[in-house]
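Comments concern the structure below.
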Amino acid sequence: MLSIPDLIKKKRDGGTLSDEEVKTFIQAITNQTIQDCQTGAMLMAIWQKGMVVKETQTLTREMMSSGEVMSWPEEWAGLVVDKHSTGGVGDKVSLVLAPALAACGCKVPMISGRGLAHTGGTLDKLESIPGFNIHQSAEQIQRILGSVGCCIVGQTETLVPADRVLYALRDATSTVDSLPLITGSIISKKGAESLTALVLDVKFGRAALYKDLESAKELAQSLVSVGNGLGVRTGAVLSCMDGTIGRCVGNSLEVIESLETLKGNGPRDLMELVATLGGLLLKMTGLVSDLSEGRKQISDAVIGGAALSKFQAMMEAQGVAAEAARSLCSTRTDYYRVLRKAEHQTELKTPAEGVVLDVDGLVLAEVLHKLGVGRSKAGEPVNHSVGAELLVSLGQRVGKGASWLRLHYEDPAPSPDQMSKLQKALTLGTDRDAQIQQEHTLVKEVLLPH
Ligand code: URA
């Protein structure tokens, strides 16, 4: 058996690690018999030399086995599903999709994350609801799935401990952006949920982790192939992330937009993503025979209010007071009776008349991140009430001086430079420019399990 330095040397020199060798590396992490500098060196060797599919598959399997692997009652066989997104701006899909899937008969133990760089985190959004507790043990998760059908929680202490170590060291060694390491990190955690089916929303575009479609597709293919190799029916959607999903960005504002969507008033792009991702999962479980039937069932669950009832029950099961949950889910409610509103609002005005050609989601997200929507280091609090509402749609004709963005802020207030950056996120053009501009396609491609 090779020693850890030998394994590092083998990978450094471009070799392919055997199953036993990958296992030795991961077990050394789990047993804490490896030094951080050795793990860092191996991460850099993997970053530089890559891994073949078989190696990535073994890495993922060993990472998954480094901690608890969840198990479910027999009667849920074939019904346990989840979704993972590579991160977006205004990406509130999970808040609508989890209860919609539960309303369609699935069990959804959705394990989500916090904001990463400029992208928002589902857990931060949900924590803007007073009382919402994202910390649930494996037993509590099972109880909530039994009574409600879905929960949205943080990673438990016992799930994939090897990923916690690797993730922190990847951050410290500039090895985050490695295809095998990203694949191992994402799929090991989903594998430990013992899912029947998993759908991945892999973003490409200006505000995505991978900007170009080709590299996003490479990631999607790696995730799909390793997920299926692990026995989870895994599919992926490649979706464009140039602007924002829906009109709201910011934690409590996104909760409000999600609740409005669950009351049947959702923006088209959000509904499209929810229907496609949910439809695919229903198809992969075999609950429906084709994608269009799956899309219809998910849309009906959202528009007909069944998903809203599930969301209300999930909030209560995760610690929100019954009166607050009822108030948030009732029609024509004042959301700010429950959620905190930012102390200040200001509206940005259009500099000229024209047609809205583009709103740069990355610029919006980067400014909002600095105003408190996100955190600059792990463990910092976020300001749940800061955010922005887009008041115009792509293709809309606007006059000069029309309000196009409502900014919700507190301390720090936006600087003149930040206001000018935000203003530059808007591109106006002529009717002719709008005609020439290509039709915007949100979902570019769907990858199904092999
Ligand atoms: N999300 C994860 O959990 N891991 C990664 O490596 C990237 C995104």
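For Y335, what accessible area in Å² do you get when you roll a 1.4 Å probe over the heavy atoms of the protein chains, rounding to the nearest 10? Accessible area, nearest 10 Å²: 20 Å². Putting +1 on Lys and Arg Cβ atoms and -1 on Asp and Glu Cβ atoms, find which of T333, L238, M70 reaches farthest to the positive end of the dipole of the chain. With unit charges placed on the Cβ atoms, the residue in question is T333. When the chain is treated as a GNM with alpha-carbon contacts under 10 Å, the residue of L287, L362, L259 showing the greatest mean-square fluctuation is L287.
Annotation: amide H-H contacts under 5 Å for E445 (H modelled 1.01 Å from N, sequence separation of 5 or more, or interchain): L238.
Rolling a 1.4 angstrom probe over the protein heavy atoms with all chains in place gives the chain an accessible area of 41 Å² per residue.
The overall shape of the stretch 172-211 is oblate: from the C-alpha gyration tensor, with semi-axes ordered a ≥ b ≥ c, the ratio a/c is 1.5 or greater and a/b is no larger than b/c.
How many times 2.2 N^0.38 Å is the alpha carbon radius of gyration of the stretch 385-437? Before the final figure, lay out the partial values.
Details: Rg = 13.4 Å, N = 53, 2.2 N^0.38 = 9.9 Å.
Taking N as the residue count of the stretch 385-437, the ratio is 1.35.
Computed from the Cα positions only, the extents of the stretch 199-283 along the three principal axes stand at 38, 30, 19 Å, in decreasing order.
Taking all protein chains as present, what is the carbon and sulfur share of the accessible area of the chain, in % to the nearest whole number, probe 1.4 Å? Intermediate values should be presented prior to the final figure.
Details: 9390 of 18660 Å².
In the chain, the share of accessible area belonging to carbon and sulfur is 50 percent.
In sequence order, the stretch 45-61 has phi-based couplings of 5, 5, 4, 7, 9, x, 9, 6, 3, 4, 5, 4, 4, 5, 4, 5, 4 Hz under the Karplus curve 6.51 cos²θ - 1.76 cosθ + 1.60, θ = phi - 60°, and Gly or Pro positions carry x.
The largest accessible area among W47, W72, W404 belongs to the first residue in W47, W72, W404, and the rest follow in falling order (1.4 Å probe, all chains). Rolling a 1.4 Å probe across all protein chains gives D411 an accessible area of roughly 140 Å².
Which loop-located GluC sites (Glu not before Pro) does the stretch 324-394 contain, where loop means any DSSP state but H, G, I, E or B and the Cβ has at most 14 other Cβ atoms within 10 Å? Don't skip to the answer; put the middle values down first.
Values: sites: E343, E347, E353, E366, E389; in loops: E343, E353.
Filter output for the stretch 324-394: E343, E353.
Loop-located trypsin sites (Lys or Arg not before Pro) in the stretch 214-280 (DSSP state not H, G, I, E or B) with no more than 14 neighbouring Cβ atoms inside 10 Å do not occur. Rounded, prolate or oblate: which fits the stretch 296-354 when a ≥ b ≥ c are the square roots of the eigenvalues of the alpha-carbon gyration tensor, with rounded for a/c under 1.5 and prolate only if a/b beats b/c? Oblate is the answer for the stretch 296-354, as a/c is 1.5 or above yet b/c matches or exceeds a/b.
Over the stretch 21-149, what relative contact order in percent results from Cα pairs under 8 Å that are six or more residues apart?
20
For the stretch 155-236, dividing the convex hull volume of the Cα atoms by the residue count gives 95 Å³ per residue. Couplings for the stretch 277-284, taken from phi via the Karplus curve 6.51 cos²θ - 1.76 cosθ + 1.60 with θ = phi - 60°, read 5, x, x, 4, 5, 4, 5, 5 Hz in order; Gly and Pro are left as x. The percentage of C-alpha pairs in the stretch 116-196 whose separation is greater than 18 Å is 54%. Could you work out how far helix 251-260 tilts from the main Cα principal axis of the chain, as a 0 to 90 degree angle to the nearest 10? Orientation of helix 251-260: about 70 degrees from the principal axis.
Equivalent-ellipsoid semi-axes (√(5λ), Cα gyration tensor) for the chain, whole Å, largest first?
Working through the eigenvalues yields semi-axes of 36, 26, 22 Å.
Only Lys, Arg, Asp and Glu count, each charged at its Cβ (+1, +1, -1, -1), so figure out the dipole size of the chain about its Cα centre, rounded to 20 debye. Mind dumping the intermediate values first?
On the way: 46 positive and 52 negative charges, 49 e Å.
That gives the chain a dipole magnitude of about 240 debye.
For the chain, DSSP calls about 55 percent of its internal beta bridges antiparallel.
So for the stretch 174-320, what percent of the C-alpha to C-alpha distances run longer than 21 Å?
54
Which shape class applies to the stretch 250-340: rounded if a/c is under 1.5, otherwise prolate when a/b exceeds b/c and oblate if not, where a ≥ b ≥ c are the square roots of the Cα gyration tensor eigenvalues? In terms of gyration-tensor shape, prolate. Solvent exposure of R432, expressed as accessible area, is near 150 Å², computed with a probe of 1.4 Å over the protein chains only. For the stretch 1-81, the list of GluC sites (Glu not before Pro) that fall in a loop by DSSP and count at most 15 other C-beta atoms within 10 angstrom reads E68. Protein-only accessible surface at a 1.4 angstrom probe places the residues K189, K125 in the order K189, K125, largest first.
Normalising by the residue count of the chain, find the relative contact order in percent from Cα pairs under 8 Å and 6+ residues apart.
Working: 893 pairs, mean separation 83.3, N = 450.
Computed value for the chain: 19 percent relative contact order.
The values are calculated or read from the model by the stated rules, or taken from the named source; none is laboratory data. Every value quoted in this text rests on a predicted model; they were computed, and no experiment measured them. Counting neighbours? That spans all protein chains shown, and the Cβs are built from the backbone with ideal geometry, glycine included. Surface areas here come from the heavy atoms of the whole protein model, side chains and all, with no ligands, DNA or RNA. Shrake-Rupley method; radii C 1.70, N 1.55, O 1.52, S 1.80 Å.
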